[in-house]
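Peer 1: Could you have a look at this structure, given as structure tokens, before my questions?
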Amino acid sequence: MKTMTIKTVKFIGLGYLEPLIRMIAGEEVKKNAKDVFKRIFIPLLSVFLFILLWQSFSDYLNNVESEMKIEKALKDQGPEAAKKLEECIASGDISCRPNSLPSPIMVVGALGKLWDDHLLLSAKKSDFIQQYTAMNEERLAKGETEIKYTGRPSFVDQIFTSLKTVFAGFLLSIIIAIPMGILLGLSETLRTSFNWIVQIFKPVSPVVWLLLVSMIVKTILANVDVEKSFVISFISVGLCSMWATLVNTSAGVSSVDKDYINVARVLQLGTYSKIFKIILPSSFPMIFTGLRITLSVAWMVLIAIELLAQSPGLGSFVWEEFQNGSSDSNSKIIVAMFVIGLIGFMLDRIMMIFQKLLTFNN
């Protein structure tokens, strides 16, 4: 059981927990205690130091901005107004709190508010569905359009919208990049002929892809009843992030061991059999490396694309909170930053698990 646990944590990329498991199991306690200290307690110490520095820097910025606000009040409104403002700031009142970097406690509080907001909005949506279900069924039976819920999405809803968009863009990048990568990898002539396309379009900014896709999609889907912002966002994400998969697939296919190709010729395998039984299995490590990079890039550019396209998602949430400009909004932006980072980390771990399941060691 212990061996299975160690293998599991290594498989999912959490091998640094191995010393702790061995220590709990009573194996070489002294040696594993040192490993636990190095791999677990020192990282935990770094987290503590990070929070301490964050709190200190937040206090410093708040003090600087408080002094600036008090000096401005003294200059513009006089000593009495400056004293009232100083007392208000000292009391911790939100209305006069400095609008600077929020503290860790404020961010945790903002996380709780976002969750409470999600529960409230979910209850409202559920009530709407219960109230209009029968009416919508009647409208659909008559050929009329149903009444849709148009309430504000919660932070959790925005997370799921962003995940839906990034996976749609990731799927699009797979559909385009892997077949093209196989073709370029199989033919040196094609690889040389089309290399300029890869080299020119690979570094293009997501902003440019967004503008280009917007022009095309709005023209093609002008008379189609679809959510154009979602279509624009996921196509832009896919086109912007597919290049790592394209390059790695091409490199993996072109570097397949020639002995494998010779064996395929001896066995007289057809083209499709050679690709799916010899070339792709041999290229999987390189392909999955490209896919991991593609998914990371897709998640990274998604926020900027959602922000610019004003499509629902975390990017839109961050922009709306930034425009709101309150200290509470700053805390929510920090929450979104941590959520974006954690989701990116989890997506990378998931891709690594799939890579280990579908590839083989040398």
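The values are calculated or read from the model by the stated rules, or taken from the named source; none is laboratory data. Keep in mind that this is a model prediction, so the values were computed, not measured. FYI the Cβ positions are ideal-geometry reconstructions off the backbone, even for glycines, and counts take in every protein chain you see. Note: areas computed on protein heavy atoms with side chains; ligands, DNA, RNA excluded. Shrake-Rupley method; radii C 1.70, N 1.55, O 1.52, S 1.80 Å.
Peer 1: Is there a residue being under 19 Å from residue 340 (Cα atoms) and either open to solvent by 60 Å² or more (accessible area, probe 1.4 Å) or out of contact with any His (no Cβ under 8 Å at 6 or more places or on another chain) (or both) anywhere in region 132-153?
Peer 2: Step one: filter region 132-153 for residues under 19 Å from residue 340 (Cα atoms), giving 153.
Subsequent filtering for residues that are either open to solvent by 60 Å² or more (accessible area, probe 1.4 Å) or out of contact with any His (no Cβ under 8 Å at 6 or more places or on another chain) (or both) retains 153.
Among the residues of region 132-153, at least one is under 19 Å from residue 340 (Cα atoms) and either open to solvent by 60 Å² or more (accessible area, probe 1.4 Å) or out of contact with any His (no Cβ under 8 Å at 6 or more places or on another chain) (or both), which makes the answer yes.
Table: residues versus (1) in contact with a Cys (Cβ under 9 Å, 6 or more places away or on another chain); (2) within 28 Å of residue 353 (Cβ to Cβ).
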site: 224; (1), (2): no, no
site: 233; (1), (2): no, yes
site: 237; (1), (2): no, yes
site: 259; (1), (2): no, no
site: 298; (1), (2): yes, yes
site: 301; (1), (2): yes, yes
site: 309; (1), (2): no, no
site: 314; (1), (2): no, yes
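Peer 1: Is it fair to say residue 346 is open to solvent by 50 Å² or more (accessible area, probe 1.4 Å), under 19 Å from residue 243 (Cβ atoms) and out of contact with any strand residue (DSSP E or B) (no Cβ under 6 Å at 6 or more places or on another chain)? It would help to see each step written out before you state the result.
Peer 2: Values: open to solvent by 50 Å² or more (accessible area, probe 1.4 Å): yes; under 19 Å from residue 243 (Cβ atoms): no; out of contact with any strand residue (DSSP E or B) (no Cβ under 6 Å at 6 or more places or on another chain): yes.
In short, no.
Peer 1: Moving on. Could you run through region 200-210 and say how many residues are assigned to a helix (DSSP H, G or I) and surrounded by fewer than 14 Cβ atoms within 10 Å (Cβ to Cβ)? So that I can check it myself, show each step before the final result.
Peer 2: The initial filter retains those residues of region 200-210 that are assigned to a helix (DSSP H, G or I), namely 200-201, 206-210.
Within this subset, residues satisfying the condition of being surrounded by fewer than 14 Cβ atoms within 10 Å (Cβ to Cβ) are 200, 208.
Count: 2.
Peer 1: Then there's this: Within region 180-190, restricting attention to residues that are within 15 Å of residue 244 (Cα to Cα) and touching a Leu at 6+ places or on another chain (Cβ under 7 Å), which residue is least open to solvent (accessible area, probe 1.4 Å)?
Peer 2: Here the answer is 181.
Peer 1: Could you look through region 310-342, keep only residues that are over 14 Å from the mean Cα position of the chain (by Cα) and free of Cβ contacts under 8 Å to residues at least 24 places away in the same chain, and pick out the one that is least open to solvent (accessible area, probe 1.4 Å)?
Peer 2: Top of the filtered list is 329.
Peer 1: Could you tell me which numbered condition residue 202 fails, if it satisfies all but one of (1) in contact (Cβ under 8 Å) with a residue 40 or more places away in the chain; (2) of a type in the set (Lys, Arg); (3) more than 15 Å from residue 180 (Cα to Cα)?
Peer 2: (3)
Peer 1: Check region 109-125 and report whether any residue there is within 19 Å of residue 306 (Cα to Cα), modelled with pLDDT of 80 or more and open to solvent by 50 Å² or more (accessible area, probe 1.4 Å). Explain how you work it out, then say what you get.
Peer 2: In the first step, residues of region 109-125 are kept if they are within 19 Å of residue 306 (Cα to Cα); the result is none.
Within region 109-125 (the criterion being within 19 Å of residue 306 (Cα to Cα), modelled with pLDDT of 80 or more and open to solvent by 50 Å² or more (accessible area, probe 1.4 Å)), the answer is no, since none of the residues qualifies.
Peer 1: Could you tell me whether any residue of region 269-276 is farther than 24 Å from residue 162 by Cα, under 28 Å from the mean Cα position of the chain (by Cα) and open to solvent by 50 Å² or more (accessible area, probe 1.4 Å)?
Peer 2: The answer is no, given that none of the residues of region 269-276 is farther than 24 Å from residue 162 by Cα, under 28 Å from the mean Cα position of the chain (by Cα) and open to solvent by 50 Å² or more (accessible area, probe 1.4 Å).
Peer 1: For region 213-230, indicate whether the set of residues that are under 17 Å from residue 291 (Cβ atoms) and part of a loop (DSSP other than H, G, I, E, B) is non-empty.
Peer 2: No - not one qualifying residue is present in region 213-230.
Peer 1: In addition: Could you check region 145-169 and list, in sequence order, the residues that are within 14 Å of the chain's Cα centre (by Cα) and small (Gly, Ala, Ser)?
Peer 2: Correct list: 162, 168, 169.
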